[in-house]
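Report on the following structure.
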Amino acid sequence: MSLTRRKLLGAGAAMAGVAALGGWALWTGTAGESPLLLSARNDDAGQHYAVGYYLNGKRAFATPVAERCHAVARHPFLPVALYVGRRPARESYLIDLRDGRLLQTLRSQPDRHFYGHAVFHARGEWLYTTENDTREPGRGVLGRYRLDPAVLRLTHDGEATTHGVGPHELAWMPDGESLVIGNGGIRTEGGSREEMNLDAMAPSLVIMSRHGELISKETLADAQSSIRHLDVAADGTVITGQQYHGPAYNSVPLLAIKRPGEAYQPFPVSRAQLAMMDQYTASIAIHSEQRQVAMTAPRGNRFFIWDLDSGDTLLDAPMSDCAGVGAVPGGFAVTSGQGKCRYYDSRTAEVQSQWLELPGGWWDNHLWLS
Amino acid sequence: MRALSVLVSVSLSVLLVACSNPRQEVTVQLANDVLLPAHQQWRDSNAALVDAVETYCAAPQASVDDLETAFYQAQSRWSHLQPLMVGPLSEGNRSWQVQFWPDKRNMVVRQTESLLDETDSLTREQLEKASVVVQGLTAFEYVLFDQSVALAQSHDRYCPLLTGIARHQLALSESVLALWNEPGGMLAQLRDFPNERYATAEEGLAAILRTQITGVDVLKKKLGTPMGRLNQGVVQPYQAEAWRSRQSIENLQASLQGAQAVWERVRSLVSDAALVKDIDQAYADVANQLAALPAPLMELVQAPANSETLTTLYAALDNLENRQQTELARNLNIQIGFNANDGD
């Protein structure tokens, strides 16, 4: 079944008032299915895919794509998602979630490349991405794209600065109009992934309006901690995960928190736990209902869950090359680059783990659950 | 921390299949016969190092020979263990406490001397709080072998450090061993599947192979760094691992033997007889060339006449790595790396 023009126009009309209509409830997958997990994935031969799997293991689609993707931006109510090309990709892929059809290969603007992350605005018309200005390498750019619902195509519409260097993940603050962005602080050039300024990094956490105005910009004590991934709780609490580029044997904070109205500061994690992360954090997911934050550390092969308010450890467990994590009812789903994916039920004091019937290995760093 | 309980739902039929699964058998053999003994021997060499340093430091006129022998042995057991250190020793920054290499800025000397300048008689607590740079075998080696240190005349200054490092190594190795042997520990996790760490024996075997293949890659770095392969061809003799004790080649041999011990157990799983022969030959090539080297590595790299010999050895290591990383991994359908090696 393809999207008919009438349906699209209907959806387009919904864009105007979707916030009042409850948004993405318009399409949540096939009735009766378990949650749909969207992620980038590879196969043994190195082919890249944009995939959708139900958590019960049933494959929805696996669409071959040219560039390796990183994160996924799900449209708030239409059955489409953008699989965002990984740094320094110049392509991202708009996929029809009902059958995996590639609707559009979104190419970056001249002198720009994607950084792997994007978000759709709640009204469904706008998409925002983090990008690199390759004429002025490292200068962070917030790309703005308009989705034409009649033809399901994204068109570049403009850009703003991210007020920092080497932006990575971005997310909406609870007002739905301002964005929090992790500016990783690392300068890379052209089509390269080589870090050019590890001795002069300038990471920052920026909150800005989607139109470009800077609301706040904060930094951490250690300039070699690249602020990369983040999530936002329903109350506006932001948790970030860092990747440290200083000596491997140093012990530096790798998580930080910005509570509403408070300064951005390290999230309390023990030295023993920090040592298990190998200076590298990947995905962050907040479970707002359970007031918990989960994080994957693929280099340390370690997965953690903490209480968001007290900082108490709920789980500190080995997991090979753990990759994407997302909140699901009762806990978190976690994918792995090398092993089986897992579900952690963290509703009770005894965190319980179950392997998911998803294919093992080759899952990329992030997932989106809908 | 709240306990993690794993929901295990394995039917009897699956268990019966698992018991006769050759990959599970090999994984269990590796854990029992190769990995655990290597950790135990590392621990024992550290116990011997403690004895040797206590004996040496108790007698002002004592010969340093026995202490040097104990140090060589501890370093050798650590080298042997490196391609085998799946699990606890590879986690929590522990391996940095054993050895500080590469030491690009000669931090071992500066930090060791400044720590000793700041303390009258170094206590265990002071050493535990100090940087990993001064807690391991590299600092021990500096004190024992560096020509700038007059150890025999400076027992008061250096003996507390040597004793402290040896005891730290022993405590570290005993704590790692405990993590292997405790109920539900690493040994159990490589024997009873599924468990908190691995869903299947396949995952455990893959983890062992990845560690071993990484270990072979580290051998290339240990050879290539003093050769100048990371320095535009300009040799770096003082970047050789263990250059002060002149044990670089012996350490490479010990690591190679550790890696080969894994291969010896995995060989039976390989379906391609030609590949088995090739990998056997690749190990033999590296071992023979290492055995034929006529002088310590830091000396060899400084003589241009040895360049071809060392380049040939490097190529042999590269061949071994490639055979295992690509052909062996493909034959066994083992995934080598993904996000952890190339994340974002």
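The values are calculated or read from the model by the stated rules, or taken from the named source; none is laboratory data. This structure is a prediction, so every number in the text was calculated from the model and none was measured. Positions of Cβ are generated from backbone atoms using ideal geometry, with glycine treated the same way; all protein chains shown enter the neighbour counts. These accessible areas exclude ligands, DNA and RNA; they are computed on the full protein's heavy atoms, side chains included. Shrake-Rupley method; radii C 1.70, N 1.55, O 1.52, S 1.80 Å.
Things to note:
- Scanning residues 5 or more positions from residue A:75 or on other chains, those with amide H under 5 Å from its amide H are A:80, A:81, A:82, with H placed 1.01 Å from N in the peptide plane.
- Net dipole in debye of chain A [+1 Lys, Arg Cβ; -1 Asp, Glu Cβ; about Cα centre; nearest 20]: 940 debye
- Complex-versus-alone comparison for region B:158-199, residues with a loss of 20 Å² or more in accessible area, probe 1.4 Å: B:196, B:197, B:199
- The contact residues of region B:321-344, meaning those that lose at least 50 Å² of 1.4 Å-probe accessible area when all protein chains sit together rather than their chain alone, are B:335, B:338, B:339, B:340, B:342, B:344.
- Simple point charges give the picture: +1 on the Cβ of Lys and Arg, -1 on the Cβ of Asp and Glu, and for region A:47-119 a dipole about the Cα centre of about 120 debye.
- Estimated vicinal HN-Hα couplings, Hz - region B:296-304 in sequence order (Karplus 6.51, -1.76, 1.60; Gly, Pro = x): x, 4, 5, 7, 4, 5, 7, 9, x
- The share of accessible area on chain B that comes from carbon and sulfur is 49 percent, using a 1.4 angstrom probe.
- Residues in region A:300-306 carry Karplus couplings, in order, of x, 6, 9, 10, 10, 10, 10 Hz; the curve used is 6.51 cos²θ - 1.76 cosθ + 1.60 with θ = phi - 60°, and Gly or Pro positions show x.
- Note on chain A: with a GNM built from Cα contacts shorter than 10 Å, the maximum mean-square fluctuation among A:275, A:256, A:323 falls on A:275.
- One chain, two ends: residue A:270 and residue A:34. Fully extended at 0.36 nm per residue, the span grows by 81.4 nm beyond their Cα-Cα distance.
- P(r) tail fraction, region B:146-301 - alpha-carbon pairs more than 28 Å apart, %: 44 percent
- Chain B packed on chain A takes about 3600 Å² of accessible surface away from a 1.4 Å probe, both sides summed.
- FRET efficiency estimate (nearest 0.05) - Cβ-Cβ, residue A:101 to residue B:257, R0 45 angstrom: 0.25
- Amide H contacts under 5 Å for residue A:229, placed H, 5+ residues apart: A:241
- With the gyration tensor restricted to C-alpha atoms of region B:37-157, the semi-axes of the equivalent ellipsoid amount to 24, 19, 13 Å, longest first.
- Cα lying deepest toward the dipole's positive end in region A:5-369, options A:327, A:288, A:363, charges on Cβ: A:363
- Cα-centred dipole magnitude for chain B, charges only on beta-carbon of K, R (+1) and D, E (-1), debye, nearest 20: 500 debye
- Sequence-separation-based contact order of region B:35-158, relative, with Cα cut under 8 Å and 6+ spacing, percent: 26 percent
- Label-point gap, in nm, between residue A:197 and residue B:69 - each point 7 angstrom along Cα→Cβ: 5.8 nm
- Per residue value of the accessible surface for region B:21-189 (all protein chains in place, 1.4 Å probe), Å²: 41 Å²
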